[in-house]
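Notes for the one structure printed next.
The values are calculated or read from the model by the stated rules, or taken from the named source; none is laboratory data. None of these values were measured; they are calculated from a predicted model. With ideal geometry, Cβ positions are generated from the backbone for all residues, glycine too; neighbour counts draw on all protein chains shown. Protein only, heavy atoms only, side chains kept; ligands, DNA and RNA dropped before computing areas. Shrake-Rupley method; radii C 1.70, N 1.55, O 1.52, S 1.80 Å.
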Amino acid sequence: MTAEQQKLVPQRDEDLKAGNYTVINSEATKNFNVYVVGEKHKEAMDYINILLDRSTDNVLGYGIKMGSQKKFGVSFWDEEDIPEEYRK
């Protein structure tokens, strides 16, 4: 977990408790669980899916993550950074 993510942990935990997250597990994430966390996680997923469809490499990369974070206020977390009770 990065130092920047450490600052987001309290908000992440509130969003997890409220059910404000989506789990991505696909070729785009190299079949690892990636959590999109935030109130607008569903809108962010619609946006991410459009970007992945248009992408030549079909990978959830840095640019897609940064754009989604800025546009929707979501954060991205690897499964090992998510408390076990919220893992799917």
Quiz prompt | Residues of the range 7-49 satisfying the condition of being assigned to a helix (DSSP H, G or I), within 15 Å of residue 87 (Cα to Cα) and open to solvent by less than 40 Å² (accessible area, probe 1.4 Å) | solution = 12, 15, 16
Quiz item: Would you pick out the residues in the range 59-85 that are open to solvent by 50 Å² or more (accessible area, probe 1.4 Å) and within 14 Å of the chain's Cα centre (by Cα)?
Solution: 62, 63, 65, 66, 69, 70, 71, 73, 78, 79, 80
Quiz prompt | Number of the condition not met by residue 56 [criteria: (1) in contact (Cβ under 8 Å) with a residue 24 or more places away in the chain; (2) loosely packed, with under 15 Cβ neighbours inside 10 Å; (3) more than 13 Å from the chain's Cα centre (by Cα)] | solution = (1)
Quiz item: What number of residues in the range 50-88 are within 14 Å of residue 21 (Cα to Cα), of a type in the set (D, E, K, R) and in a loop (DSSP other than H, G, I, E, B)?
Solution: 2
Practice problem: Go through the range 29-64 residue by residue and tally those that are modelled with pLDDT under 95 and touching a Phe, Trp or Tyr at 6+ places or on another chain (Cβ under 7 Å). | Solution: 0
